[in-house]
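The values are calculated or read from the model by the stated rules, or taken from the named source; none is laboratory data. Given the structure is predicted, the values throughout are model-derived calculations rather than measurements. Because the Cβ atoms are built from the backbone with ideal geometry, glycine has one as well, and the counts that use them run over all protein chains shown.
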Amino acid sequence: SSPANTTGSILINRPPDGLVDPKFVEKSCISRSQSYLYRKESPHKPSQYLLNKLRGYEDLHARCGPLTKSYGRTMRRLIKSKHHISGTRICKYLVWTAANGLGNRMISLAAAFLYAVLTERVLLVEFGNEMIGLFCEPFPKSSWHLPEDFPYKNRFDHLQTYETLLMNTINISMEQFSVPSFLHLYLEHGGHKENFFHCDDSQSLLQKVNVLILRSDQYNIPSLFMISSFKKELENMFPEKDTVFHHLGSYLFHPSNEAWGLISRFYDAYLANSDEKIGLQIRVFNPKNTPSQTIMDQVLACTLKNKLLPQVDLLKSVSSQLQNKTSKAVLVASLYPDYTEKLRTMYWRRPTVTGEIVGVYQPSSEGKQRFNDNSHNMKAWAEMYLLSLCDVLVTSGESTFGYVAQSIGGLKPWIMGKTLGTEFREPPCARAVSMEPCFHFPPKFDCKRKTKVDHVSSVFPNMKPCVDFYSGVKMV
Ligand code: GDP
């Protein structure tokens, strides 16, 4: 990338991809203008159609977002009406609410944003204290935070649900049936029942609802590609189907100045000067039943076999290579310190057979996943982002934390299968089929033929089962 011009501390050279409107420069979000200095230029460029859609969405958000006249007018009318209202001056909203860990939240939020763009809804987010201050405001003229006085705030659970609405279409007569103004759309995993969200009939119903309150922890982007009324738009926006999160995640999630401080300081101190950066994400879902040595064996089997890391030389105590030594920096993200300690010791005690120098660095080791803890989430976000800046990525299967890192980084990771007990399954890791996150619980229903299917990837092109979670599906 070209050297940057600066005004004060703000760099005004823009990344060339156009995801961010060049007019949108602020000191309150340094990462928006500086991050491209830390990242290799992506070979995947957003389509002009996507860029036009994003600018169009920004206009909608500026017109209907919190504190605008249209927002006030719409809310005043909505509070008075239980049933959906229509009119050109009425704005529609999609409220995203949080469920599960940060990775789950980010993938479901990106999917919610695309749904909002497709349905011309304004996206508002309810972050709660634990997510406040992690990201910059993504839209130029109006906030995406749910206003304190938003109708039914803290009482969303009492609203009519999407499930009930669907039931009513069957059980209630046409004269009595009505679509509500507010609806709770619950798409969190766990309800393994078919929800028909990906069917066109459901979408024409949902389209009438003025405010959708979404609770989801899933990356249901493949569902959107299954809906025929969205098909053309999505094809125009994403000629490369495996770049959805890569573009939308990079557009939405700019680290706040506090997060950017954590990211840039760590990067500058430990990663910047290495010849190659290897990101290693080690997520242990069941630490009680998985000895750390098993995981360590799996990590070594994966990285050494695939030549991501060099073997150590057991015969020599000093490398014979004196000049032009290249260096590898390994960035470890894990709740535990053990793996870094073991790797570091291994590369300290012996030279490598290639003569490469290997440094191993871990920003934090939090011990366990914590809820309602802002600084814990800040570290998690910084680590996902640091992983995304690496050249090569090795991740733990089924982890949405890893999905965010791989997609923002535009990387196809080596994914290690989930391990339980004292032995890992061969092969220790496999290359992901695309950089997209996996949608863990896709529908199993073909809406056109009205039949059950074993795996939706058999019905739709550009979808494949995920290597780490076979019943899941991802865009390729
Ligand atoms: P998933 O459970 O792996 O799909 O990822 P999530 O991000 O949804 O939830 C896991 C949560 O545990 C994260 O959001 C963090 O709060 C915490 N966590 C897990 N692994 C790490 C890690 O390597 N570093 C940090 N800082 N936190 C982690």
Could you grab the pairs with beta carbons closer than 6 Å, sequence gap of 6+ or different chains, first residue in the stretch 204-225 and closer than 12 Å to Leu159 by Cβ and within 16 Å of the ligand (Cβ to nearest atom), second one of a type in the set (Gly, Ala, Ser) and outside any helix (DSSP H, G or I)? Arg215/Ala99
Which pairs have Cβ atoms under 8 Å, sit 6 or more apart or on different chains, and link a residue in the stretch 350-379 that is under 17 Å from Thr340 (Cβ atoms) to one that is part of a strand (DSSP E or B) and at pLDDT below 95? none
Asp297 meets each of (1) touching a residue at least 12 places away in the same chain (Cβ under 8 Å); (2) assigned by TED's automatic domain parsing to the domain that holds Met346; (3) within 26 Å of the chain's Cα centre (by Cα) with one exception, condition (3)
Single match in Val312, Val318, Val330 (criterion: without any contact (Cβ under 8 Å) to a residue 60 or more places away in the chain, in the same structural domain as Pro351 (by TED's automatic domain parsing) and either surrounded by fewer than 16 Cβ atoms within 10 Å (Cβ to Cβ) or under 30 Å from Asp21 (Cα atoms) (or both)): Val318
Go through (1) in contact with a helix residue (DSSP H, G or I) (Cβ under 6 Å, 6 or more places away or on another chain); (2) buried (at least 21 other Cβ atoms within 10 Å of the Cβ); (3) closer than 25 Å to Pro43 by Cβ and name the single condition Pro428 misses. (3)
Met416 - would you say it is out of contact with any His (no Cβ under 9 Å at 6 or more places or on another chain), more than 11 Å from Asp468 (Cβ to Cβ) and within 14 Å of the ligand (Cβ to nearest atom)? no
Does at least one position in the stretch 367-379 carry a residue that is more than 21 Å from Asn129 (Cβ to Cβ), more than 10 Å from the ligand (Cβ to nearest atom) and either of a type in the set (Ser, Thr, Tyr) or surrounded by fewer than 22 Cβ atoms within 10 Å (Cβ to Cβ) (or both)? no
Can you tell me which condition Val392 does not meet? The list is (1) within 16 Å of the ligand (Cβ to nearest atom); (2) among the β-branched types (Val, Ile, Thr); (3) under 24 Å from Gln34 (Cβ atoms), and all the others hold. (1)
Test: residue in the stretch 64-84 that is in contact (Cβ under 8 Å) with a residue 40 or more places away in the chain, among the aliphatic types (A, V, I, L, M), on the phi < 0 side of the Ramachandran plot and buried (at least 21 other Cβ atoms within 10 Å of the Cβ): no
Confirm whether Leu411 is away from the ligand (no atom under 14 Å from the Cβ), surrounded by 19 or more Cβ atoms within 10 Å (Cβ to Cβ) and not small (Gly, Ala, Ser). yes
Assess whether Asp157 counts as being modelled with pLDDT under 95, within 23 Å of Lys208 (Cβ to Cβ) and either surrounded by fewer than 19 Cβ atoms within 10 Å (Cβ to Cβ) or touching a Phe, Trp or Tyr at 6+ places or on another chain (Cβ under 9 Å) (or both). yes
Consider Asn195 carefully, then state whether it is outside any strand (DSSP E or B), at pLDDT below 95 and outside the structural domain of Gln406 (by TED's automatic domain parsing). yes
Which one of the conditions (1) at pLDDT 95 or above; (2) within 16 Å of the ligand (Cβ to nearest atom) does Asn286 fail to meet, given that it meets all the rest? (1)
